[in-house]
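To start, the structure under review is shown below, and the notes come after it.
The values are calculated or read from the model by the stated rules, or taken from the named source; none is laboratory data. Just so we're clear, the structure is a prediction, and the values are computed from it rather than from any experiment. So basically every Cβ, Gly included, is an ideal-geometry build from the backbone, and we count neighbours across all protein chains shown.
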């Protein structure tokens with residue numbers, strides 16, 4: 001091959017590699033940027049006086065005098081709304097049946113929308129659910145609820161050839177000529193006075209318990225549960241994986257059974273994760289009864305089986321990458337086989353082994369299917385260490401799926417879902433970055 005042709009091909013290959021890397025980086029940015037932006041909204045947002053009340057009353061956090069002064073100012077701004085609604089409701093009760101039929105349902109829907117936006121009136125009985133005891137704690141959600149106060153949904157079926165079309169109609173049109181006709185413009189003009197929005201940094205989202213099915217509070221139970229499951233999986237997988245890798249590389253004869261065993265390990269790495277979850281339920285819980293029902297212990301053992309092939313193959317390849325002269329030198333000095341493995345080969349293979357372990361941690365932290373049947377619950381309190389042997393736990397991966405698909409008010413807690421996604425993605429990225437840095441530092445130290 002001519003030198004000029006070789007240079008052209010080298011440049012083409014280099015350009016293709018750079019292009020592939022650039023496209024991969026662009027894809028990651030497109031995929032991760034919305035997660036980081038919307039996930040950050042769980043911590044950085046515009047909070048209302050209702051958020052500050054919740055922080056004071058449920059978490060005893062904040063300046064009591066300042067919050068109570070803001071609450072009084074907000075209640076003063078809201079008082080005309082509650083007063084006019086109560087007066088109109090009383091006049092309806094005293095009026096004729098036709099008037100009650102005309103305004104009864106529209107008034108009921110309006111009161112419900114007002115209570116969702118601003119919370120119950122001061123003289124009302126305190127509702128049971130925490131979400132009904134307060135108005136909107138976030139300014140972005142308050143804007144959505146304001147639209148529901150000002151407008152109602154109506155369906156247009158006038159065209160018989162098409163399905164019904166949803167249209168928004170002003171609620172004020174339902175109350176023309178009534179004493180509360182001007183209430184809608186008052187709420188729209190004075191919403192900021194009634195809710196007192198302020199920029200908020202809520203770092204405690206990572207450390208607070210959740211309240212009322214994640215309507216309020218943070219994700220500490222899910223974060224702690226993920227930590228328990230990940231560390232527990234490694235406690236089982238790493239010793240077994242290292243022992244298996246050492247046996248396969250240093251002790252096992254090269255015969256058909258060893259080759260079959262390696263094939264089985266490689267096959268096990270490709271088994272769908274849901275199969276591991278079903279196996280964990282059938283074997284660990286229903287057969288050997290490591291716990292009576294779901295528990296962190298059962299989930300950790302299931303995750304350990306799932307990441308075990310990765311640990312074995314990473315450790316095996318790392319050990320095989322150690323130059324044979326290392327082992328030969330140790331044996332020639334009189335060291336036994338196990339002593340040579342322990343004192344020479346394993347330290348030399350440590351960067352590759354640790355890389356496989358950390359990558360396995362990232363996979364264990366992000367898996368959902370293996371813990372559905374063995375360890376995960378939708379809501380729960382943080383577990384003490386000894387409770388992990390018998391009790392289930394919330395976990396980031398499972399709760400992201402659960403909140404996005406099964407929560408009764410999925411649109412109300414989008415910020416919690418994206419906050420969990422941000423934390424989980426950041427956790428996996430940090431673990432992978434730690435693997436790269438750790439491997440580089442250990443390799444540099446060994447070369448020195």
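Before moving on, here are some points about what is shown:
- Unmet requirement for residue 221, which otherwise passes all of (1) touching a strand residue (DSSP E or B) at 6+ places or on another chain (Cβ under 7 Å); (2) part of a loop (DSSP other than H, G, I, E, B): (2)
- Total residues in segment 369-388 satisfying the condition of being touching a strand residue (DSSP E or B) at 6+ places or on another chain (Cβ under 9 Å), more than 18 Å from residue 218 (Cβ to Cβ) and surrounded by fewer than 21 Cβ atoms within 10 Å (Cβ to Cβ): the figure is 1.
- Residue check for residue 413: under 17 Å from residue 209 (Cα atoms), free of Cβ contacts under 8 Å to residues at least 60 places away in the same chain and within 14 Å of the chain's Cα centre (by Cα): no
- Residue check for residue 363: closer than 21 Å to residue 239 by Cβ and assigned by TED's automatic domain parsing to the domain that holds residue 239: yes
- So residue 148, is it within 30 Å of residue 218 (Cα to Cα) and without any contact (Cβ under 8 Å) to a residue 24 or more places away in the chain: no
- Of all residues in segment 290-322, those satisfying the criterion of being touching a residue at least 12 places away in the same chain (Cβ under 8 Å) and outside any helix (DSSP H, G or I) are 291, 292, 293, 294, 295, 321, 322.
- Residue list for segment 110-132, filter: surrounded by 13 or more Cβ atoms within 10 Å (Cβ to Cβ), at pLDDT 90 or above and in a helix (DSSP H, G or I): 110, 111, 113, 114, 115, 116, 117, 118
- Residue within segment 1-19 that is closer than 28 Å to residue 428 by Cβ, in contact with a helix residue (DSSP H, G or I) (Cβ under 9 Å, 6 or more places away or on another chain), modelled with pLDDT under 85 and part of a helix (DSSP H, G or I) present: no
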